[in-house]
Amino acid sequence: MQVQALARMRGDALTIGLLLSLYFSSNGVESLRIGLNRAYGVTETRPWYWLRLESIGYTLLAAAVALVLALLLVLGPLLLVAARYYL
């Protein structure tokens, strides 16, 4: 019975985990926004759900940029050699 429980695929746990990690990682952007608003004395007038969606978007953008930079770090020398060959 234990083997059957371990062999079953759980796509819902992965989805929930992905959404929760995205939500909690966007807290860093939210805290930066709150800190800057307090430092400059700005009162936020936008709704909270719009701010959270914007923070999630910035988090996804930062993850994509980090992924592209990591790929360029690995593939950069190969691309440079190919560019020198063809140019």
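The values are calculated or read from the model by the stated rules, or taken from the named source; none is laboratory data. The shown structure was predicted, so the numbers you read here are calculated from the model rather than taken from an experiment. Please note: Cβ atoms are built from the backbone with ideal geometry, for glycine as well, and neighbour counts cover all protein chains shown. These accessible areas exclude ligands, DNA and RNA; they are computed on the full protein's heavy atoms, side chains included. Shrake-Rupley method; radii C 1.70, N 1.55, O 1.52, S 1.80 Å.
Numerical summary
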| item | result |
| --- | --- |
| Subset of segment 16-37 (residues that are within 15 Å of the chain's Cα centre (by Cα) and either open to solvent by 100 Å² or more (accessible area, probe 1.4 Å) or not small (Gly, Ala, Ser) (or both)) | Leu18, Leu19, Leu20, Leu22, Tyr23, Phe24, Asn27, Val29, Glu30 |
| Where Gly28 falls short, out of the listed (1) at pLDDT 95 or above; (2) touching a Ser or Thr at 6+ places or on another chain (Cβ under 9 Å) | (1) |
| Pick from segment 39-87, criterion assigned to a loop (DSSP other than H, G, I, E, B) and of a type outside the set (S, T, N, Q), ranking: most open to solvent (accessible area, probe 1.4 Å) | Leu87 |
| Residue within segment 15-22 that is in contact (Cβ under 8 Å) with a residue 24 or more places away in the chain and out of contact with any Cys (no Cβ under 9 Å at 6 or more places or on another chain) present | yes |
| Single unsatisfied condition, Met9 versus (1) loosely packed, with under 11 Cβ neighbours inside 10 Å; (2) part of a helix (DSSP H, G or I) | (2) |
